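As C-alpha cells, the structure follows; a few thoughts come after it.
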Amino acid sequence: MPRAVVTGGAGFLGSHLCEELLRRGWAVVAVDNLLTGSLDNIQALRAHDGFEFVEHDVTEEVNVDGPIDAVLHFASPASPRDYLEYPIKTLKVGSLGTHNTLGLAKRVGARYLLASTSEIYGDPLVHPQREDYWGNVNPVGPRGVYDEAKRFAEAMAMAYHRAHGLDVKIVRIFNTYGERLRHHDGRVVSNFLVQALDDKPLTIYGDGSQTRSFCFVDDEVRGILGLLESDWVGPMNIGNPNEFTVLELAENVLELTGAGSEIVFEPLPVDDPKVRRPDISLAEKVLGWHPEVNLREGLRRTYDWYRRERERGRV
Ligand SMILES: NC(=O)c1ccc[n+]([C@@H]2O[C@H](COP(=O)([O-])OP(=O)(O)OC[C@H]3O[C@@H](n4cnc5c(N)ncnc54)[C@H](O)[C@@H]3O)[C@@H](O)[C@H]2O)c1
C-alpha cells in the first residue's frame, strides 16, 4: 500500500486530499499544527486503519517513521484574512516548512508535491495566466507575505530537483471552494454563502467588476492527484477557467439561495488582483484533466453543507 504524508492535512484542501488518497488505497499521515485547520475536518477519517494524525509544526524538523512514497506540502495559512493575521508564520511555513518537508522527501526517496497558488502571478499583466508567466507581485505590500513565501517555496522545490534529482511537482491552485471551507475565513464564496444563509447584505469589495474563477474542491483534488501520479516535473495550473465577475457570483448566490439580501459595496483591499483565470492547457494535455462541476452545482453543494453545519451549531 503506498503511503503519503500530507502537511496541512486538517485544513480545507488537505482533509479532502487525505480522504481521496485513502479512498484510492493509500495510507496517509496527516501533519498539522491546527493553526487554521480543525480536527472536525478529519474526524471521519480517524476511524480509518490507514490514517494517522500527527500534531506538529512543520517549521520544526519533520520526521515520520516508516516508508513514504509521497510528501504533499499543503500547510500554510491560505485565506487573506489568515495570512494577514499570521504574516511571519506564513513566511516561515513557506520557507522553513518547505525546506523541512523537502528534506523529509529526500531522506526517504519520496516524490514531492508543493501546494502553490495563483497568487504567485500577483496582479497579472497577462491574462489568462500560463505557467511560463513570471507574475507581477508587490514583495513589500501586505499580501507579499503569502505570495513571496510561495514563490520562495517553488524556487526551493526546483532547487531540490536540480541539485538532488528529487521528483518535484508544483500545483498552482486557483480559488477553490466547497464543503469544509471555513465560514468565517473571509474568502468571497464563504462570505456570500454565509451572508445569504443569514439573510444579511452580501459585501462586495470594490465595484464587483474584478473577475475570479472558482474551482469546486472535488475537481481540484482530482487534478492534484492526477499531477501527483504523473511524470510531470515543475509547476502546473489546476483551476477552473470559467471566469465570473464578483458581482455575477453574488447574483448567482442570491438566485440559488433565494435570500432576500441586498448587495453592498466596500473599498477594495490593497493589491487585490483585478483579474484571475488559469490557462489549463498544460493540465489538459499532460493529465487529460479539466473541471467537471459547474458553479451552480458547486455553490449548491457548498451551501447545503453550510446549512447542515448551521443545524449542528457549527456555523
Ligand atoms: N483553498 C484555495 O483556494 C487555495 C488556493 C491556492 C493555494 N492554496 C494552498 O493550499 C494549501 C491549503 O489551503 P487551504 O485552503 O486548505 O487552507 P487551510 O487554512 O484550510 O489549511 C491549511 C492547513 O495548514 C495548517 N498549518 C499552517 N501552518 C502550519 C505549520 N507551520 N505546521 C503544520 N500545519 C500548519 C493549518 O492548521 C491548516 O490545517 C495552502 O498551502 C494554500 O496556500 C489553497
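The values are calculated or read from the model by the stated rules, or taken from the named source; none is laboratory data. Note that the structure is predicted; figures quoted are calculated from it, not measured. Reconstructed Cβ throughout: ideal geometry from the backbone, glycine too, with neighbour counts over all protein chains shown.
One residue alone among 139, 124 is modelled with pLDDT of 95 or more and not in a helix (DSSP H, G or I), and that residue is 139.
Of the residues making up the stretch 274-292, those that are crowded, with 18+ Cβ neighbours inside 10 Å and in contact (Cβ under 8 Å) with a residue 60 or more places away in the chain are 275, 276, 277, 278, 279, 282, 283, 287, 289, 291. Any idea how many residues of the stretch 165-179 are buried (at least 22 other Cβ atoms within 10 Å of the Cβ) and on the phi > 0 side of the Ramachandran plot? Counting residues in the stretch 165-179 that are buried (at least 22 other Cβ atoms within 10 Å of the Cβ) and on the phi > 0 side of the Ramachandran plot gives 1.
With respect to the stated conditions, residue 198 fails to be more than 30 Å from residue 42 (Cα to Cα), out of contact with any Asp or Glu (no Cβ under 7 Å at 6 or more places or on another chain) and loosely packed, with under 15 Cβ neighbours inside 10 Å. Taking the numbered list (1) more than 18 Å from residue 275 (Cα to Cα); (2) among the β-branched types (Val, Ile, Thr); (3) buried (at least 16 other Cβ atoms within 10 Å of the Cβ) in turn, residue 137 passes all entries but (1). Cβ-Cβ under 6 Å, sequence separation 6+ or interchain: first residue in the stretch 31-46 and within 22 Å of residue 98 (Cβ to Cβ), partner of a type in the set (Ser, Thr, Tyr) and near the ligand (Cβ under 6 Å from one of its atoms). Which pairs? If the second residue must be of a type in the set (Ser, Thr, Tyr) and near the ligand (Cβ under 6 Å from one of its atoms), the pairs left are 31/7. When restricted to residues that are in a loop (DSSP other than H, G, I, E, B), crowded, with 18+ Cβ neighbours inside 10 Å and at pLDDT 95 or above, the stretch 65-85 contains 6. Being assigned to a loop (DSSP other than H, G, I, E, B) and of a type outside the set (Ser, Thr, Tyr) is the filter; apply it to the stretch 22-42 and report the residue that is nearest to the chain's Cα centre (by Cα). In this case the residue turns out to be 37.
Residues that are under 22 Å from the mean Cα position of the chain (by Cα) and β-branched (Val, Ile, Thr) were ranked within the stretch 43-95; the one that is farthest from the ligand (Cβ to nearest atom) is 71. Candidates 207, 147: the one that is more than 14 Å from the ligand (Cβ to nearest atom) and at negative phi is 207.
If you scan the stretch 15-28, which residues turn out to be under 24 Å from residue 86 (Cβ atoms) and either more than 10 Å from the ligand (Cβ to nearest atom) or among the β-branched types (Val, Ile, Thr) (or both)?
Residue satisfying the conditions is 18 alone.
If you check residue 15 against the conditions, is it crowded, with 24+ Cβ neighbours inside 10 Å, of a type in the set (Ser, Thr, Tyr), under 23 Å from residue 106 (Cβ atoms) and at pLDDT 95 or above? It is false that residue 15 is crowded, with 24+ Cβ neighbours inside 10 Å, of a type in the set (Ser, Thr, Tyr), under 23 Å from residue 106 (Cβ atoms) and at pLDDT 95 or above. Looking only at residues in the stretch 170-204 that are in contact with a strand residue (DSSP E or B) (Cβ under 6 Å, 6 or more places away or on another chain) and in a loop (DSSP other than H, G, I, E, B), the one that is farthest from the ligand (Cβ to nearest atom) is 201.
Among the candidates 162, 151, 187, single out the residue that is free of Cβ contacts under 8 Å to residues at least 40 places away in the same chain, buried (at least 18 other Cβ atoms within 10 Å of the Cβ) and not aromatic (Phe, Trp, Tyr).
151
Restricting attention to the stretch 98-117, the residues being part of a helix (DSSP H, G or I) and surrounded by 24 or more Cβ atoms within 10 Å (Cβ to Cβ) number 4.
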